[in-house]
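S.K.: This is the structure, below, for whatever I ask next.
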């Protein structure tokens, strides 16, 4: 592990495969210019959804893929983010930008508390504990009158488009850029994390907790750190989602479906790989959005049915995710000459 | 708050608890046998309730008489689950195992929603109806018989696992798969049997509950959550622990609802889970 770490330290950041870096660079440029070519709001919406879910599944990937704890209640952090920014804006007129930061703090604190209490658990017991905690949040917010109980919160609308309130009624383009920037930030930071010392420790804890402990890595500390980082990635997505649809209720933002969905996207793409969630999202989100168009309101059951089958097939035939189907030279760093 | 109301809550908690216990026993059996948590357990319960419902609605068969058919169907379903899905992921990482049964649960639930719509169904005019009164406490007949049937099946299961040769073979496989194979116990067939029995437990509970419960695709979710709690509370792989755990959960649910606030019923039970796994991870009757 140490040798790998030394190599990772010596190499400059960009020294992944050159072709991949070039490819990513062009994709990013293309994404920034996209609204100038195509202002059809459906495609913008599709892209926004992809950015959002990619970042959300990246958050799940940090905790499940890197540090190896399966969380089935990640919707809780999404909901906390959504509620903290919306509530602050409604009650005190605080700009959602501050709300996003408050949401990040709040959910990371909650994650640390959850981590401290269920720290001893591993495997199935941890998964079930997070599942129960996620549902508890939903039940609790459904009955909490201060935040609108089951009917949720309506964000008060501004007269005109406003960057202060993050509300744009005439066009989706500003939303597009906000989500794009958060998406790129998330992936860049996770990529950094993945090759940092902390990232290596996460993987050591995942692969063999006892060996990691014997090397002086505090297993529980790194598990909690992974959980908190994951919550910090999830929360701003909740806040932005609330600003995007401008109405939140417990059944939507604390939904169990969110927890399922981030898991599905990551497992489909490839758990533990930074690009896995992106691949899963690019494939599955368009299917979801189009099936919603084709089947109308009753499409819900059919696309979930397909997801269930996909999940089982992936588990049986490709446990490493779709990313393992790429030729291996794409995945490895360029050899030093 | 009179003493009758509390006794009433205790009685209904006990009756629910016995049903939770049987459901949890099925889950615990599978968990103990192959170290795989069946996240689709609630969906299997839902399937068995729908099986009762359709046997009633198509062939006019009362749920009491259709239970053997439901058991047979669910056992077949369990064997199929083992051979088509579980067998392939036995050696995989835990993440993959969780995702696979999770995928199964999503699939079954949305399949039911697609086929039978999310509407609430119920069985009209079952044989078991009405209520009986015992010194001021009213007990619904279907609930009462359901808990009795669950208790009896629970003890049949317990006798089967501890007193018969096949049951001992199951236990041997659970303890050490390889050693059992060396002794000539085919672990593959034992796993299939474990799934068949585990889902039969669910079939009994589901069949009896279809007498008085509404039947809809999401019905299994809460029961599955309670079953997870019961398995953790009773202790890993301990079948008799499930009985006590189920009763504790049933009582917590009804007494907590009565004494504190009924809208947070779920949370009391979840709190039990967290307390147990934090302070006594081996459960009340766990061996490890």
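S.K.: Go through the range B:1-43 and report how many residues are within 14 Å of chain A (Cβ to nearest Cβ) and within 10 Å of the chain's Cα centre (by Cα).
M.R.: Residues meeting the conditions: 5.
S.K.: Is it the case that the range B:48-68 has a residue that's surrounded by 22 or more Cβ atoms within 10 Å (Cβ to Cβ) and within 23 Å of residue B:235 (Cβ to Cβ)?
M.R.: No, every residue in the range B:48-68 fails to be surrounded by 22 or more Cβ atoms within 10 Å (Cβ to Cβ) and within 23 Å of residue B:235 (Cβ to Cβ).
S.K.: Now, a different point. Determine which member of the set A:180, A:189, A:121, A:153 is closer than 24 Å to residue A:72 by Cα and either at pLDDT 80 or above or within 22 Å of the chain's Cα centre (by Cα) (or both).
M.R.: Details: A:180 fails: closer than 24 Å to residue A:72 by Cα; A:121 fails: either at pLDDT 80 or above or within 22 Å of the chain's Cα centre (by Cα) (or both); A:153 fails: closer than 24 Å to residue A:72 by Cα.
Of A:180, A:189, A:121, A:153, the one residue that is closer than 24 Å to residue A:72 by Cα and either at pLDDT 80 or above or within 22 Å of the chain's Cα centre (by Cα) (or both) is A:189.
S.K.: Further question on the same structure: Identify all residues within the range A:71-92 that are surrounded by fewer than 24 Cβ atoms within 10 Å (Cβ to Cβ) and outside any helix (DSSP H, G or I); write none if there are none.
M.R.: So in the range A:71-92, the residues surrounded by fewer than 24 Cβ atoms within 10 Å (Cβ to Cβ) come out as A:73, A:87-88, A:90-92.
A:73 - this is the single residue of the range A:71-92 that is surrounded by fewer than 24 Cβ atoms within 10 Å (Cβ to Cβ) and outside any helix (DSSP H, G or I).
S.K.: Filter the range B:93-102 down to the residues that are over 19 Å from the mean Cα position of the chain (by Cα), assigned to a helix (DSSP H, G or I) and either without any contact (Cβ under 8 Å) to a residue 60 or more places away in the chain or facing another protein chain (nearest Cβ under 7 Å) (or both) and list them by number. Show your work before the answer.
M.R.: In the first step, residues of the range B:93-102 are kept if they are over 19 Å from the mean Cα position of the chain (by Cα); the result is B:93-97, B:99-100.
Still in the list and also assigned to a helix (DSSP H, G or I): B:94-97, B:99-100.
Residues satisfying the conditions are B:94, B:95, B:96, B:99, B:100.
S.K.: Further question: Residues that are touching a helix residue (DSSP H, G or I) at 6+ places or on another chain (Cβ under 9 Å), at negative phi, modelled with pLDDT of 85 or more and surrounded by 18 or more Cβ atoms within 10 Å (Cβ to Cβ): does the range A:303-310 have at least one? Don't jump to the end; show me each part of the working.
M.R.: As a first pass, look at the range A:303-310 and keep what is touching a helix residue (DSSP H, G or I) at 6+ places or on another chain (Cβ under 9 Å): A:303-310.
Applying the additional criterion that residues be at negative phi yields A:303-310.
From what is left, the residues that are modelled with pLDDT of 85 or more are A:308-310.
Now drop any that are not surrounded by 18 or more Cβ atoms within 10 Å (Cβ to Cβ), which leaves A:308, A:310.
Scanning the range A:303-310 turns up at least one residue that is touching a helix residue (DSSP H, G or I) at 6+ places or on another chain (Cβ under 9 Å), at negative phi, modelled with pLDDT of 85 or more and surrounded by 18 or more Cβ atoms within 10 Å (Cβ to Cβ).
S.K.: Out of the residues in the range A:150-176 that are assigned to a helix (DSSP H, G or I) and in contact (Cβ under 8 Å) with a residue 40 or more places away in the chain, which is surrounded by the most Cβ atoms within 10 Å (Cβ to Cβ)?
M.R.: Of all residues in the range A:150-176, those assigned to a helix (DSSP H, G or I) come to A:150-151, A:173-176.
Then drop every residue that is not in contact (Cβ under 8 Å) with a residue 40 or more places away in the chain, which leaves A:150-151, A:173, A:175-176.
Details: A:150: 12, A:151: 10, A:173: 15, A:175: 20, A:176: 23.
The qualifying residue surrounded by the most Cβ atoms within 10 Å (Cβ to Cβ) is A:176.
S.K.: Given (1) modelled with pLDDT under 85; (2) under 15 Å from the mean Cα position of the chain (by Cα), identify the lone condition not met by residue A:60.
M.R.: (1)
S.K.: Can you work out which of the residues in the range B:223-265 that are closer than 15 Å to residue A:135 by Cβ and at pLDDT below 85 is farthest from the other protein chains (Cβ to nearest Cβ)?
M.R.: B:265
S.K.: From the residues in the range A:311-337 that are assigned to a loop (DSSP other than H, G, I, E, B) and away from chain B (no Cβ under 12 Å), which one is modelled with the lowest pLDDT?
M.R.: To start, the set of residues in the range A:311-337 that are assigned to a loop (DSSP other than H, G, I, E, B) comprises A:318-321, A:326-327, A:332-337.
Subsequent filtering for residues that are away from chain B (no Cβ under 12 Å) retains A:326-327, A:332-337.
Details: A:326: 72, A:327: 66, A:332: 54, A:333: 50, A:334: 46, A:335: 46, A:336: 44, A:337: 40.
Per the stated criteria, the residue is A:337.
S.K.: Is it fair to say residue A:128 is part of a helix (DSSP H, G or I) and more than 14 Å from chain B (Cβ to nearest Cβ)?
M.R.: On the way: part of a helix (DSSP H, G or I): yes; more than 14 Å from chain B (Cβ to nearest Cβ): no.
No.
S.K.: Restricting the search to the range A:93-108, which residues are without any contact (Cβ under 8 Å) to a residue 60 or more places away in the chain, in a helix (DSSP H, G or I) and out of contact with any helix residue (DSSP H, G or I) (no Cβ under 6 Å at 6 or more places or on another chain)?
M.R.: If the condition is that a residue be without any contact (Cβ under 8 Å) to a residue 60 or more places away in the chain, in a helix (DSSP H, G or I) and out of contact with any helix residue (DSSP H, G or I) (no Cβ under 6 Å at 6 or more places or on another chain), then A:98, A:101, A:105 are the ones that fit.
S.K.: Follow-up question, since we're still on this one. May I ask you to list pairs of residues, at least six apart or on different chains, whose Cβ atoms are under 6 Å apart, with the first in the range A:66-84 being farther than 9 Å from residue A:239 by Cβ and the second being not in a helix (DSSP H, G or I)?
M.R.: Listed by first residue and then by second, the contacts come to A:75/A:254; A:75/A:255; A:79/A:254.
Yes or no, residue by residue, for (1) closer than 26 Å to residue A:199 by Cβ; (2) without any contact (Cβ under 8 Å) to a residue 24 or more places away in the chain; (3) surrounded by fewer than 24 Cβ atoms within 10 Å (Cβ to Cβ):
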| site | (1), (2), (3) |
| --- | --- |
| A:242 | no, no, no |
| A:276 | yes, no, no |
| A:283 | yes, no, yes |
| A:292 | no, yes, yes |
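S.K.: Looking only at residues that are in contact (Cβ under 8 Å) with a residue 12 or more places away in the chain and either in a loop (DSSP other than H, G, I, E, B) or at the interface with chain A (Cβ under 7 Å from one of its Cβ atoms) (or both) in the range B:111-122, which one is surrounded by the fewest Cβ atoms within 10 Å (Cβ to Cβ)?
M.R.: Looking at residues that are in contact (Cβ under 8 Å) with a residue 12 or more places away in the chain and either in a loop (DSSP other than H, G, I, E, B) or at the interface with chain A (Cβ under 7 Å from one of its Cβ atoms) (or both), I get B:119.
S.K.: For the range A:130-142, indicate whether the set of residues that are more than 24 Å from residue B:228 (Cβ to Cβ) and surrounded by 23 or more Cβ atoms within 10 Å (Cβ to Cβ) is non-empty. Even if it seems obvious, please write down each step before you answer.
M.R.: As a first pass, look at the range A:130-142 and keep what is more than 24 Å from residue B:228 (Cβ to Cβ): none.
No, that holds for no residue.
S.K.: I would also like to ask the following. So, residue A:247, is that one out of contact with any helix residue (DSSP H, G or I) (no Cβ under 6 Å at 6 or more places or on another chain), surrounded by fewer than 24 Cβ atoms within 10 Å (Cβ to Cβ) and farther than 26 Å from residue A:137 by Cα or not? Talk me through it step by step, then tell me what you get.
M.R.: Numbers: out of contact with any helix residue (DSSP H, G or I) (no Cβ under 6 Å at 6 or more places or on another chain): yes; surrounded by fewer than 24 Cβ atoms within 10 Å (Cβ to Cβ): yes; farther than 26 Å from residue A:137 by Cα: no.
It is false that residue A:247 is out of contact with any helix residue (DSSP H, G or I) (no Cβ under 6 Å at 6 or more places or on another chain), surrounded by fewer than 24 Cβ atoms within 10 Å (Cβ to Cβ) and farther than 26 Å from residue A:137 by Cα.
S.K.: Consider only pairs whose beta carbons are under 6 Å apart and that are at least six residues apart or on different chains; among these, list those whose first residue lies in the range B:1-17 and is over 13 Å from residue B:247 (Cα atoms) and whose second residue is loosely packed, with under 14 Cβ neighbours inside 10 Å.
M.R.: Taking only residues 6 or more apart or on different chains, the pairs are B:4/B:136.
S.K.: What single numbered condition from (1) under 30 Å from residue A:68 (Cα atoms); (2) surrounded by 14 or more Cβ atoms within 10 Å (Cβ to Cβ); (3) modelled with pLDDT under 85 fails to hold for residue B:105?
M.R.: Result: residue B:105 passes all but (3).
S.K.: Considering only the range B:161-180, I want to know if a residue exists there that is surrounded by fewer than 16 Cβ atoms within 10 Å (Cβ to Cβ), under 20 Å from the mean Cα position of the chain (by Cα) and farther than 20 Å from residue B:20 by Cβ. I'd like the intermediate steps shown before the answer.
M.R.: Residues of the range B:161-180 that are surrounded by fewer than 16 Cβ atoms within 10 Å (Cβ to Cβ), as a first pass: B:162-166, B:168, B:175-176, B:178-179.
Those still in the list that are under 20 Å from the mean Cα position of the chain (by Cα) too: B:162.
Then keep just the ones that are farther than 20 Å from residue B:20 by Cβ; that gives B:162.
Within the range B:161-180, one or more residues are surrounded by fewer than 16 Cβ atoms within 10 Å (Cβ to Cβ), under 20 Å from the mean Cα position of the chain (by Cα) and farther than 20 Å from residue B:20 by Cβ.
The values are calculated or read from the model by the stated rules, or taken from the named source; none is laboratory data. The structure presented is a predicted model; accordingly, all values stated were derived computationally and were not measured. Positions of Cβ are backbone-derived with ideal geometry, glycine not excepted, and every protein chain shown enters the neighbour counts.
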